[in-house]
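Comments concern the structure below.
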Amino acid sequence: MATLSVGLGNPQWTTKVEKRGLDPLGMQTTSVALYQQLVPGISNVTLRMRYYGLYAWLARRYALDVGDTSVERWCLYLRRAEALYALAAVHAGGERGVAGVDWATRTLATPRADVTFHVATDRADGEPQYLKQKFGAFGAAYGSQLQDIGVLETVLDHDVPVPTREIGDPLANAFQAAIGVAADAFLAAAQAGVINKSNLAQFAMMLPSRIAANGPERDLYERLLLAGAHGQKARAASRRQSLRLVLSIARDQGSSVRVDTLRWALYASQCNAITTFAGLGAEEDRQRFAWAVYQGNDLLHLSYETILKLALDILGSSPTGMLFETLVSRTVSHLMLALNAYAADSWSGLCVSLALADDPVSAKNPMSEFSLQQAVLRSARLEAMTSEDSARCAVVLLAVLHLRFGGLIERIANELPVLANGDFLRSLVTELRFLDKYEAEPLETLLARIVRQRVLDRHLWVAIQKFRGPGDYTFLLESDDGRVRLRQKDGPVLTNPRLSSAVAFLEDIHLLSSSGTTPAGLRCLAAA
């Protein structure tokens with residue numbers, strides 16, 4: 001039952017958990033929806049490729065050796081295997097992206113030779129567990145992606161997943177063949193729930209970094225990621241095209257690539273600033289365009305979130321709060337002062353006064369999208385006030401995006417309907433149409449529309465939906481007796497487009513290295 005506690009001017013009818021980064025304008029969701037289409041079957045928490053083979057093999061052996069359709073029995077089988085895998089990874093050393101390694105590190109640090117790990121997996125009351133999630137890393141990260149990509153499926157008779165005939169069974173067989181005698185030893189130890197530390201070395205060959213450079217297991221991973229032949233054909237083709245773009249960028253750079261590098265290279269390609277993708281076919285060029293739009297959409301919500309942060313900073317300067325219209329007026333005044341150097345009387349006038357950077361990724365040109373983003377992100381520190389420079393760059397970045405993509409609105413809407421279809425979504429499409437509609441208005445009037453409608457009203461609407469739905473209290477400002485008061489602050493945040501996991505997968509299967517795209521990766525690019 002909720003308990004009433006009364007603070008100064010702030011009665012609380014239920015416990016409020018302070019949260020940050022929860023998409024206060026509901027605009028990050030469109031970026032997320034887009035990248036989910038661009039890299040299906042991979043997520044931000046599926047960190048290593050070999051887990052796909054491990055789970056295919058575990059599901060196959062569970063069906064053959066146990067055959068119990070009880071979800072609880074499958075859960076315990078899975079948890080013991082994951083915990084043993086973590087122990088093997090820590091014992092071997094140097095493995096990244098393995099679930100449960102914090103627990104495994106503490107466990108192996110004890111002086112006892114035997115490790116009784118079933119107490120940390122079987123969810124007994126009062127016993128610390130290797131992972132809190134009921135189905136471990138499988139439930140928290142890999143299970144949904146394994147079904148999405150076509151490795152596992154569920155059948156009508158029960159809810160325990162089984163390998164698919166087309167890819168799951170061959171992958172399970174290839175994984176077992178690759179680990180040899182370790183297979184039965186691993187399953188026996190997992191079933192026992194106890195192992196001597198000296199016996200963990202025999203499982204090193206099972207670890208994520210030990211995929212052989214040549215062999216059926218690696219070939220199946222490559223086929224799964226890049227052949228575009230599994231699951232829903234359109235989704236598989238989308239993943240293939242995205243990964244080929246990654247390989248192309250790494251080939252031209254001669255090194256492995258980071259997420260920021262990929263984002264900006266794909267964005268710059270839309271501005272004709274790089275020639276990496278000059279020879280793309282029509283489908284891959286549409287994928288390149290989609291990634292450029294994704295980056296533009298992320299920059300758009302950064303602009304709005306910075307304006308929100310400015311408004312919250314202004315509100316926080318008045319402990320007793322202020323009238324809503326006063327908050328709008330003061331925020332607009334700050335923005336107008338920051339834009340004073342441009343002497344623009346309308347939005348269209350502001351856009352005309354700007355000179356687009358030839359290279360949107362230039363760190364030396366203050367008008368490049370990269371430089372504007374860096375200035376905007378400096379306002380993300382909640383303890384600091386939003387600077388005049390960050391406020392100016394938020395509006396200028398919005399104008400630059402209008403110039404870059406304003407003539408492409410219908411193409412974006414047609415090719416990427418996830419950014420256009422929906423009564424309440426906000427995206428590059430909706431906001432550029434909004435700017436088009438009011439571009440001739442006095443600049444101060446348009447900025448007031450942005451602050452009031454697109455930022456403050458939008459935040460309050462989004463917070464209400466979250467409170468009505470899952471019950472999350474994410475209001476950053478509250479209204480009381482006609483005045484608004486600050487509750488907490490939030491700042492601009494980029495979304496994470498799964499590309500770090502994609503790079504890790506390509507490295508795991510020897511298509512990428514520190515020197516860029518490998519000979520095997522180049523062969524993939526050369527394939528039709």
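The values are calculated or read from the model by the stated rules, or taken from the named source; none is laboratory data. As the structure is a prediction and not an experimental result, all values here were calculated from the model. Reconstructed Cβ throughout: ideal geometry from the backbone, glycine too, with neighbour counts over all protein chains shown. In case anyone asks, the SASA skips ligands and DNA or RNA and just uses the protein heavy atoms, side chains included. Shrake-Rupley method; radii C 1.70, N 1.55, O 1.52, S 1.80 Å.
Ranked highest first by average number of other Cβ atoms within 10 Å, how do 121-133, 336-348 line up?
The packing order, highest mean first, is 336-348, 121-133.
Suppose R0 equals 41 Å. What FRET efficiency, 1/(1 + (r/R0)^6) with r the Cβ-Cβ distance, do Glu410 and Met385 give to the nearest 0.05?
0.55
Per the Kirkwood definition applied to all pairs of different Cα atoms, how many angstroms is the hydrodynamic radius of the range 181-257?
Evaluated on the range 181-257, it is 15.6 Å.
Measuring from label point to label point, each 7 Å out along Cα→Cβ, what is the Phe434 to Glu166 span in nm?
4.1 nm
What number in nm² do you get for the range 114-196 if you take the convex hull of its Cα atoms and divide its surface by four?
7.1 nm²
Extending each Cα 7 Å along its Cβ direction at Ala213 and Leu525, get the distance between those two points in nm, one decimal.
1.9 nm
Rounded to the nearest Å, what's the spacing between the alpha carbon centres of the range 138-152 and the range 155-234? Just the number, please.
So the two Cα centres are separated by 13 Å.
I need two numbers for the chain: Rg to one decimal and Dmax as a whole number, Cα atoms only, in Å.
26.3, 77
Suppose R0 equals 45 Å; then what is the FRET efficiency for Asn496 and Asp125 from their Cβ-Cβ distance, rounded to the nearest 0.05?
0.80
Against the globular-protein guess of 2.2 N^0.38 Å, express the Cα radius of gyration of the range 56-199 as a ratio, rounded to two decimals.
Cα Rg divided by the expected 2.2 N^0.38 Å: 1.04.
What order, most packed first, do the peptides 387-395, 302-310 have when packing is the mean number of other Cβ atoms within 10 Å of each residue?
In descending order of packing, they fall as 302-310, 387-395.
On a 0 to 90° scale, report how tilted helix 182-192 is relative to the longest principal axis of the chain, with both axes built from alpha carbons and the result rounded to the nearest 10.
Compared with the principal axis, the helix lies near 80 degrees.
Once label points are set 7 Å from the Cα along Cα→Cβ at both Arg73 and Leu22, what is their separation, rounded to one decimal in nm?
4.1 nm
Would you compute, from DSSP H runs of 4+ residues alone, the mean residue ellipticity of the chain at 222 nm, taking -39500 (n - 2.57) per run and dividing by the full residue count, rounded to the nearest 500?
-16000 deg cm²/dmol
What FRET efficiency would be calculated for the residue pair Gln191, Ser318, taking the C-beta separation as r and a Förster radius of 51 Å, to the nearest 0.05?
Using R0 = 51 Å, I get an efficiency of 0.20.
Please give the helix 216-226 orientation as an angle from the longest Cα principal axis of the chain, in degrees from 0 to 90, rounded to the nearest 10.
The two axes meet at around 20 degrees.
Hey, can you find the accessible area per residue of the chain for me, probe 1.4 Å, expressed in square angstrom?
I get 43 Å² per residue for the chain.
Working out 0.36 nm times the residue gap between Asp345 and Ser362, then minus their Cα-Cα distance, what length gain in nm do you get to one decimal?
Separation in residues times 0.36 nm, less the Cα-Cα distance, equals 3.3 nm.
Could you run the Karplus curve 6.51 cos²θ - 1.76 cosθ + 1.60 with θ = phi - 60° over the range 465-476 and give me ³J(HN,Hα) per residue in whole Hz, x for Gly and Pro?
4, 5, 6, 6, x, x, x, 6, 9, 10, 5, 8
For the chain, what number of Lys pairs, 8 or more residues apart or on separate chains, have alpha-carbon atoms under 23 Å from each other?
Lysine pairs meeting both conditions in the chain amount to 11.
Output the direction-averaged projected area (hull surface divided by four) of the convex hull of the alpha-carbon atoms of the range 363-497, in nm².
If I average the Cα hull's projected area over directions, I get 10.7 nm².
From the alpha carbon gyration tensor of the range 261-302, can you work out the equivalent ellipsoid semi-axes (sqrt of 5 times each eigenvalue) and give them in Å, largest to smallest?
After scaling each eigenvalue by five and taking roots: 18, 11, 7 Å.
For the range 147-186, divide the Cα radius of gyration by the Kirkwood radius and give the resulting Rg/Rh value with two decimals.
Taking Rh as the inverse mean 1/r over Cα pairs, Rg/Rh reads 1.08.
Once the convex hull of the C-alpha atoms of the range 450-506 is built, how many Å³ does it hold per residue, rounded to a whole number?
In the range 450-506, the Cα hull volume divided by residue count equals 129 Å³.
How much of the accessible area of the chain, probe 1.4 Å, is carbon plus sulfur, in whole percent?
Heavy-atom surface of the chain belonging to carbon and sulfur, 1.4 Å probe: 52 percent.
Would you please give the residues with an amide H less than 5 Å from that of Asp23, counting only those at least 5 places away or on a separate chain, with H modeled from the backbone geometry?
The list, which skips near neighbours in sequence, is empty: none.
Using alpha-carbon positions, what is the distance between the centroids of the range 110-135 and the range 331-363, in Å?
First find each Cα centre; the distance between them is then 58 Å.
Applying the Karplus parametrisation 6.51 cos²θ - 1.76 cosθ + 1.60 with θ = phi - 60° to the phi angles of the range 249-265, what ³J(HN,Hα) value in whole Hz is obtained for each residue in order, glycine and proline being reported as x?
Those phi angles translate into 5, 5, 4, 6, 8, x, 7, 5, 10, 9, 4, 4, 4, 5, 4, 6, 5 Hz.
With angles folded into 0 to 90 degrees, how steeply does helix 168-179 sit against the dominant principal axis of the chain? Use alpha carbons for both and round to 10.
Rounded to the nearest ten degrees, it is 60.
For the range 265-320 and the range 374-446, what is the centre-to-centre distance using only Cα atoms, to the nearest Å?
9 Å
Which residues' amide hydrogens lie under 5 Å from the amide hydrogen of Gly516, considering only partners 5 or more residues apart or on another chain, with H built in the peptide plane?
Ser255, Ser256
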